[in-house]
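Colleague: Below is a structure I'd like to ask you about.
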Amino acid sequence: SKANQLGRNLREKGIGPGTLVSIMTKRGPEMIIGILAVLKAGGAYVPVDIEYPSDRIKYILEDSESRVILTKGDIGYKSFYDAELVYLDDRELYRGDDGNLENTNSKDDISYMIYTSGSTGKPKGVMINHKAVINFVKGISDQIEFSSNRTILALTTISFDIFVLETILPLLKGLKIVIADENEQLDSRLLSQLIDYNKVDMVQITPSRLQMLIENGKHNQVLKKVKTLMVGGEAFPKSLLEKLKQLTNADIYNMYGPTETTVWSTIKNLTEETEINIGKPILNTQIYILDNKLKLQPIGVVGEIYIAGEGLAKGYYNKPELTRERFLDNPFRKGERMYRTGDLARWLSNGDIEYIGRSDYQVKIRGYRIETQEIEKNLKTLDGIANCIVVPKQNEAGHKFLIAYYVSDKEMKVENLREHLAAKLPTYMIPEIYYYLDKLPITPNGKIDRGKLPECGIYHPKTEEAYVAPETDIEKTITEIWLRILKCDVIGVNDNFFSLGGNSLLLIQMHSEVEKIYPGVVAISKIFVYSTIRKLAQYISERIGEIKEDEMERPSFPVIPAEYFNYAQSSEMNIELKFEIEGQLYSTISMISEANNIEKHEILESIFLYMLAKISKQKTITVPSLRSDGSEIFCLKVDFSDIKDFKTLYKRMNNLNKDSLSNRVQYKKLLSIDGSGYKHQIIPLIYSGVALESTKTNEFDIVLRISKEENRMECYFQYASGKFKSAKMKELFINYRQLIANVLNSQK
């Protein structure tokens, strides 16, 4: 409905077939709303990763000539380009007719355009039309079950084309999509929690990220619950397949395909296989393996992969020469085209295809396609760099990384090299190691002799910091982890993790090791801030102290099922339900109150907390409550693990509500504690007395107010209609009312 409303707004702004709309937003429902709105309006969306450096963002926006940019007010957007900004969190956009829009597109219109690394030093926009997307959806779903009773994880960044399999494909098939946020993408602990909590049974993942998840023994058990694993984006190591089969009974698929042929072009079910290949082409897709004269190679002979069929892109945006170079006339089908991939492969006797590698200097790292020439050309723009070459390497664990060999009059600071590239390139394109040379080795015909480049081994550039040895136990522990992961001879406590060759994958691996020793102490995002051993050790020490000092202050607000949420923008408490307790039920409450020396409202509050504990399946529930004099909000933390009956619960609530604050947690202090990773967490408020002003209740998700009148009590139940589904909230309200009656009737 929101996509339809936003789509009409976009049409009024002139968005239609052939127009491009950039999307720059954090991961969440708004991201999907924006994509659907652009498609419904008839335009094509251009995904822009908000983590890209400003130079790259500016180039994409200018090159695509986007007329409109969909964004949000909380991403710190800067004016990179003169276009109209439409804020996805603007409630005014979502008004009026929410019915489907009339289709204005043809099959050949562009649906999306994704920018990939370019050998010219700038990324290039790949234009994919509707026909290609629909063929991809049909081709993949013919071989893998995408049924409406299944749940898929959306893990990939929006600017990576396999994102389409995690969003558009399942939406067309009626699946439930669970979106991993920026922290869950990086943190294997949070990712495993997300998969487990939402009962995700379909996951698409790159081999590198899968390897990281498998290596974390504490969290890899979640793979046992996954039924379908789709692996692709880079070479699938045989050792990884063997480990995977020991952990899960899921169906395992190996996928292959460049962005220019719409996500995936071949597929192979490896579930019962011991050897790895990329399988056969999907629906309406032709694969040719050719020699350098475009002649077909026989079975078993290596050649270059050319792809033809319905999945081909329209070409590169505003780059006709490059389009003609890569999209050739198909000599085997007159009037059609084929795409030259640069990948080497050979046919197997059973009709499958075995992938061999690249024929050029393009490389795949963690699923991202990288043209090393783009890195080289950007590095050469730094003053003092006379020449350079960037080459991929692979360590003992099978992880690929980049080394930059550079020539200058003196060895440069690693920080300067990294900062220069970080201003122009995404993080996955920044080399890990920088090797200073007097000159590059040259072959007799004048080309760079890659075979004579020095082996780096465990080489790392000299740190600019004087060596300082670890002193505390935590510093020594972290140092041991860094030495093992970064494969360095020596590391000082003031050395920077990223300057020593650390990347996002090694960061995940390092965090996994830290998590084993200090579970739940440090979020992975904090390592970006505390990137030296000394700073990280100090932070861990402080966090351990906080946890030991006040163990009860860990957030335990109720986490309720996703089915209750509506995911809209409004959090205003604009819906109120009410019921009265009178007659026999009121007499029963009065009797229990007198017998146990507790307040009447505490009985109703206890039953409400019990209901939340049952829904959330939590043993401990923390709920804010207003002091009787209305002066301050405190959080009541109730542990249900040792509560056997309601009378015990009533007394526990009464003790917490007494004037002594020894068992109560200050609300503001609790909110300051890092509770990230708890999706679908709600903060309710319970209190008795007169109604609070809406400005005070709007910061809560659900409010239960109990009013005591003569010979009766009134229960007011408020919630934000924009955040929750009204049907589910009414169901919760009715269940609470019924639970009160059941409990009280059993205690007459």
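Colleague: For the Cα atoms of the chain, what angle does the longest principal axis make with the long axis of helix 504-517, in degrees from 0 to 90, nearest 10?
Modeller: On a 0 to 90 degree scale, this one is about 40.
Colleague: If I stretch the segment between Ala691 and Asp90 completely, what's the gain in nm (0.36 nm per residue apart, minus their alpha carbon distance), one decimal? Walk me through the intermediate numbers first.
Modeller: Working: separation 601, 0.36 × 601 = 216.36 nm, distance 2.95 nm.
Contour length minus the Cα-Cα distance gives 213.4 nm.
Colleague: Additional query: Mind giving me the FRET efficiency for Glu415 and Asp645? R0 is 60 Å, r the Cβ-Cβ distance, nearest 0.05 is fine. It would help to have the intermediate numbers written out before the result.
Modeller: On the way: r = 63 Å, r/R0 = 1.06.
Using R0 = 60 Å, I get an efficiency of 0.40.
Colleague: Can I ask one more? For the peptides 4-13, 325-334, 259-268, what is the packing order when you average, over each peptide's residues, the other Cβ atoms within 10 Å and list the highest mean first? Write down the numbers at each step before the final one.
Modeller: Working: 4-13: 19.6, 325-334: 14.1, 259-268: 25.9.
Top of the packing list down: 259-268, 4-13, 325-334.
Colleague: Moving to a separate point now. Please work out the FRET efficiency for the pair Gln747 and Tyr197, using the Cβ-Cβ distance as r and a Förster radius of 35 Å; give the result to the nearest 0.05.
Modeller: Values: r = 35 Å, r/R0 = 0.99.
About 0.50, to the nearest 0.05.
Colleague: How large is the dipole of the range 247-393 about the Cα centre if only Lys and Arg carry +1 and Asp and Glu carry -1, each at its Cβ, rounded to the nearest 20 debye?
Modeller: Numbers: 20 positive and 20 negative charges, 82 e Å.
I would put it at about 400 debye.
Colleague: Grab the other residues whose beta carbon is less than 14 angstrom from that of Asn711, score K and R as +1, D and E as -1, and report the net.
Modeller: Values: positive: Lys600, Lys708, Arg712; negative: Glu580, Glu582, Glu709, Glu710, Glu714.
Neighbour charge sum, excluding Asn711 itself: -2.
Colleague: Normalise the Cα radius of gyration of the range 590-649 by 2.2 N^0.38 Å (N = residues in it) and let me know the number.
Modeller: 1.18
Colleague: Return the distance in nm (one decimal) between the two label points of a simple spin-label model at Arg324 and Glu12, each offset 7 Å from Cα along Cα→Cβ.
Modeller: So the label points at Arg324 and Glu12 sit 4.5 nm apart.
Colleague: Take every Cα pair under 8 Å in the range 290-359 that's 6+ residues apart, average their separations, divide by the length, and report that relative contact order as a whole percent. Don't skip to the answer; put the middle values down first.
Modeller: Numbers: 108 pairs, mean separation 23.8, N = 70.
Worked out over the range 290-359, it gives 34 percent.
Colleague: Also, quick follow-up: Ranked from highest to lowest mean number of other Cβ atoms within 10 Å per residue, what is the order of the peptides 98-108, 528-538? Don't skip to the answer; put the middle values down first.
Modeller: Numbers: 98-108: 12.4, 528-538: 17.9.
Going by the mean number of other Cβ atoms within 10 Å, highest first, we get 528-538, 98-108.
Colleague: Sorted by average packing, counted as other Cβ atoms within 10 angstrom per residue and highest first, what order do 198-207, 313-322 take? Don't skip to the end; give the middle numbers.
Modeller: Working: 198-207: 21.6, 313-322: 16.8.
Per-residue Cβ counts within 10 Å, averaged per peptide and sorted highest first, yield 198-207, 313-322.
Colleague: Heavy-atom accessible area per residue, the range 64-221, 1.4 Å probe: how many Å²? Present the calculation step by step, with values, prior to reporting the outcome.
Modeller: On the way: 6030 Å² over 158 residues.
Using a 1.4 Å probe on heavy atoms only, each residue of the range 64-221 averages 38 Å².
Colleague: Using a 1.4 Å probe on the protein heavy atoms, what percent of the accessible area of the chain belongs to carbon and sulfur? Mind dumping the intermediate values first?
Modeller: Working: 15260 of 32840 Å².
C and S atoms contribute 46 percent here.
Colleague: Relative to the longest principal axis of the C-alpha atoms of the chain, give the angle of the C-alpha long axis of helix 533-549, reported between 0 and 90° and rounded to the nearest 10°.
Modeller: Helix 533-549 sits at roughly 20 degrees to that axis.
Colleague: Of the listed values (1) 36.9; (2) 34.2; (3) 31.2, grab the one calculated as mean projected area of the Cα convex hull in nm² from the structure here.
Modeller: (1)
Colleague: Mind checking which lysines have their C-alpha under 19 Å from Lys617, skipping anything on the same chain fewer than 8 residues away?
Modeller: Within reach: Lys199, Lys637, Lys644, Lys679, Lys728.
Colleague: Right, here's the next one. If you take the charge dipole of the range 57-204 about its Cα centre, with +1 on Lys and Arg Cβ and -1 on Asp and Glu Cβ, which of Ile134, Met113, Ile69 is farthest toward its positive end?
Modeller: Highest projection toward the positive end goes to Ile134.
Colleague: What Kirkwood hydrodynamic radius do you get for the range 155-209 when you take the inverse of the mean 1/r over all pairs of distinct Cα atoms, in Å?
Modeller: On the way: mean 1/r = 0.0847 Å⁻¹.
Value: 11.8 Å, from the Cα pair sum.
Colleague: Continuing with this model, one more query. Against the longest alpha carbon principal axis of the chain, how many degrees, from 0 to 90 and to the nearest 10, is the axis of helix 54-64 turned?
Modeller: 70
Colleague: Further question on the same structure: Magnitude of the Cβ-charge dipole of the chain, K/R +1 and D/E -1, about the Cα centre, nearest 20 debye? Could the numbers behind the result be given before it?
Modeller: On the way: 98 positive and 100 negative charges, 280 e Å.
Here the size comes out at about 1340 debye.
Colleague: What number, in percent, do you get for the relative contact order of the chain if the mean sequence gap of Cα pairs under 8 Å and at least 6 apart is divided by its residue count?
Modeller: 8
Colleague: Using the structure shown, select from Lys535/Lys614; Lys26/Lys225; Lys131/Lys380; Lys26/Lys400 the pairs with a Cα to Cα distance greater than 30 angstrom. Don't jump to the answer; show the numbers that get you there.
Modeller: Details: Lys535/Lys614 41 Å; Lys26/Lys225 28 Å; Lys131/Lys380 41 Å; Lys26/Lys400 28 Å.
Violating the 30 Å Cα-Cα cut-off are Lys535/Lys614; Lys131/Lys380.
Colleague: Say the dipole of the chain comes from +1 at the beta carbon of Lys and Arg and -1 at that of Asp and Glu; which of Leu507, Leu213, Ile540 then lies farthest toward its positive end?
Modeller: The listed residue farthest towards the positive side: Leu213.
Colleague: Still on this structure: Calculated FRET efficiency, Phe579 and Leu283, Cβ-Cβ r, R0 60 Å, to nearest 0.05?
Modeller: Values: r = 57 Å, r/R0 = 0.95.
Working from the Cβ atoms, E equals 0.60.
Colleague: Okay, next question. Over the range 315-454, what relative contact order in percent results from Cα pairs under 8 Å that are six or more residues apart? Each step should come with its number before you reach the end.
Modeller: Details: 182 pairs, mean separation 19.3, N = 140.
Reported as a whole number, the value is 14 percent.
Colleague: Cα gyration tensor of the range 1-60, axes a ≥ b ≥ c as square roots of the eigenvalues: rounded (a/c below 1.5), prolate (a/b > b/c) or oblate? Walk me through the numbers on the way to the answer.
Modeller: Numbers: a/c = 2.98, a/b = 1.50, b/c = 1.99.
Oblate shape, in that a/c is at least 1.5 and b/c is the bigger or equal ratio.
The values are calculated or read from the model by the stated rules, or taken from the named source; none is laboratory data. As the structure is a prediction and not an experimental result, all values here were calculated from the model. With ideal geometry, Cβ positions are generated from the backbone for all residues, glycine too; neighbour counts draw on all protein chains shown. Only protein heavy atoms, including side chains, enter the accessible area calculation; ligands, DNA and RNA are left aside. Shrake-Rupley method; radii C 1.70, N 1.55, O 1.52, S 1.80 Å.
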